[in-house]
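**Q** So that we are looking at the same thing, I have put the structure below in structure tokens.
The values are calculated or read from the model by the stated rules, or taken from the named source; none is laboratory data. Predicted model only: the values in this text are computed from it and were never measured. Here the Cβ positions follow ideal geometry from the backbone for every residue, glycine too, while neighbour counts run over all protein chains shown.
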Amino acid sequence: MAEEYPHYIEFRHVYKTFDKPVLVDSNFHVDAGQTVAIIGRSGVGKSVTLAHIMGFLRPDQGRVIVAHEDITNFTETEMNRIRRKVTMVFQSGALFDSLTVSENILFSLEQRQDYNEQNKEDVVEGLLKMVDIWDARDVYPTDLSTGYRRAVAIARALAAQPQCVLYDEPTTMVDPIMSDHLTLLMLRLKKQLRLTSVVVTHDLDLLHRVADTVVFLSKGRVAFFGPPAELYRSEDPDIQEFLELDKVIRGSLSGDSPFRTGLGVVAGEG
């Protein structure tokens, strides 16, 4: 399969319409070990793109390649096999409120036949320490901040030992300190585990620190696909307007670092 589909993830002329076109002839790819950031205004199809990668949605036209396989017409059973390789960290965290932090992570290991109970406990402990939430192991998600819930969600995703992690607005609605913590965590996972990642974000600080490649969506189309540094040289008016708006918001929030919190603190889902 890898010879036919050399990219780990690829969109080939993908179209998706709901009440109006959301994805229009969308083309981009993610290579194994790469981190690709998907940015753009709210409502341009960023979260819809993630839903296609996870197989929650199917394209109206085009092909979606994930884990070197064409998943466009996969059954739910076939998608479950893919989802053991590709996992998603939802913006909400999607944690079980009735379980503690440790129990939430342990839940992901329950189906592992190759682990005994001691192995599972060791994995949970290791993950809690990896994402720096060991002190919160016995706390329930409702007692945690948004940022800490996302850190727990990342640890739970890693428990499944995926090849690829999808992040939906990981730093939105968290304070600058927690945003920096999550960004450093994602960088560590990229370098230590060499995970393939797709990050939907409004946060240009996060983008510059973790992304190898950027996909800029505008009016459902891929208006830019390339290295972050080249984004600023684009003459596309929608891209320039987006970047200018980010400068204005950053200036009004802090006035210090040129890439602090981006639009993540004010923007919602996309």
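**Q** Scan segment 68-122 residue by residue and report those that are within 22 Å of the chain's Cα centre (by Cα), at pLDDT below 85 and over 17 Å from ALA160 (Cβ atoms).
**A** Within segment 68-122, GLN91, SER92 meet the criteria.
**Q** Right, another one. Just to be sure I understand the filter: pairs with C-beta atoms under 7 Å, separated by 6 or more residues or on different chains, first member in segment 191-203 and closer than 28 Å to LEU243 by Cα, second member modelled with pLDDT of 90 or more and of a type in the set (Lys, Arg). Which pairs pass?
**A** So the pair list comes out as VAL200/LYS46.
**Q** Would you confirm, using the coordinates I've provided, whether VAL30 is under 30 Å from PRO227 (Cβ atoms) and among the aliphatic types (A, V, I, L, M)?
**A** Values: under 30 Å from PRO227 (Cβ atoms): yes; among the aliphatic types (A, V, I, L, M): yes.
Answer is yes for this residue.
**Q** Determine, yes or no, whether GLY62 is surrounded by fewer than 21 Cβ atoms within 10 Å (Cβ to Cβ) and closer than 27 Å to ARG221 by Cα. Break it down into steps so the answer makes sense when it comes.
**A** Values: surrounded by fewer than 21 Cβ atoms within 10 Å (Cβ to Cβ): yes; closer than 27 Å to ARG221 by Cα: yes.
Judged against the criteria, GLY62 is a match.
**Q** Same structure, new question: Might you let me know whether segment 220-231 holds any residue that is more than 30 Å from PHE18 (Cα to Cα) and in contact with a Pro (Cβ under 9 Å, 6 or more places away or on another chain)?
**A** No.
**Q** Of all residues in segment 195-224, which are modelled with pLDDT of 90 or more and basic (Lys, Arg)?
**A** ARG209, ARG221, listed by residue number.
**Q** Right, ILE53: among the aliphatic types (A, V, I, L, M), in contact with a Phe, Trp or Tyr (Cβ under 8 Å, 6 or more places away or on another chain) and closer than 19 Å to LEU158 by Cβ or not?
**A** Numbers: among the aliphatic types (A, V, I, L, M): yes; in contact with a Phe, Trp or Tyr (Cβ under 8 Å, 6 or more places away or on another chain): no; closer than 19 Å to LEU158 by Cβ: yes.
No; evaluated as a whole, the condition is false for this residue.
**Q** Still on this structure, I have one more. Can you tell me which residues in segment 43-75 are without any contact (Cβ under 8 Å) to a residue 12 or more places away in the chain and more than 27 Å from ASP238 (Cα to Cα)?
**A** From segment 43-75, those without any contact (Cβ under 8 Å) to a residue 12 or more places away in the chain are 51, 56, 75; that's our starting set.
PHE56, THR75 - these are the residues of segment 43-75 that are without any contact (Cβ under 8 Å) to a residue 12 or more places away in the chain and more than 27 Å from ASP238 (Cα to Cα).
**Q** Considering PHE225, PHE216, PHE242, which residue is under 16 Å from the mean Cα position of the chain (by Cα) and either in a helix (DSSP H, G or I) or touching a residue at least 60 places away in the same chain (Cβ under 8 Å) (or both)? Walk me through it before giving the result.
**A** Working: PHE225 fails: under 16 Å from the mean Cα position of the chain (by Cα); PHE242 fails: under 16 Å from the mean Cα position of the chain (by Cα).
The conditions single out PHE216.
**Q** Another one. Scan segment 65-77 for residues that are assigned to a loop (DSSP other than H, G, I, E, B) and surrounded by fewer than 17 Cβ atoms within 10 Å (Cβ to Cβ) and report the count.
**A** Within segment 65-77, the subset assigned to a loop (DSSP other than H, G, I, E, B) is 67-68, 71-75.
Keeping just the survivors that are surrounded by fewer than 17 Cβ atoms within 10 Å (Cβ to Cβ) gives 73, 75.
Qualifying residue count, segment 65-77: 2.
**Q** Out of segment 16-64, which residues are assigned to a strand (DSSP E or B) and of a type in the set (Val, Ile, Thr)?
**A** Our first condition is that a residue be assigned to a strand (DSSP E or B); within segment 16-64, this holds for 16-17, 21-30, 35-39, 61-64.
Once the filter is applied, which keeps residues that are assigned to a strand (DSSP E or B) and of a type in the set (Val, Ile, Thr), segment 16-64 yields THR17, VAL22, VAL24, VAL30, THR35, VAL36, ILE38, ILE39, VAL64.
**Q** Let me ask another. Quick one: which residue in GLY55, GLY62, GLY33 is at pLDDT below 95 and on the phi > 0 side of the Ramachandran plot?
**A** Working: GLY55 fails: at pLDDT below 95; GLY62 fails: at pLDDT below 95.
Selected residue: GLY33, the only one of GLY55, GLY62, GLY33 that is at pLDDT below 95 and on the phi > 0 side of the Ramachandran plot.
**Q** From the list ALA51, ALA37, ALA32, which one is among the hydrophobic types (A, V, I, L, M, F, W, C) and either in contact with a Gly (Cβ under 9 Å, 6 or more places away or on another chain) or more than 23 Å from THR171 (Cβ to Cβ) (or both)?
**A** On the way: ALA51 fails: either in contact with a Gly (Cβ under 9 Å, 6 or more places away or on another chain) or more than 23 Å from THR171 (Cβ to Cβ) (or both); ALA37 fails: either in contact with a Gly (Cβ under 9 Å, 6 or more places away or on another chain) or more than 23 Å from THR171 (Cβ to Cβ) (or both).
Residue meeting the stated conditions: ALA32.
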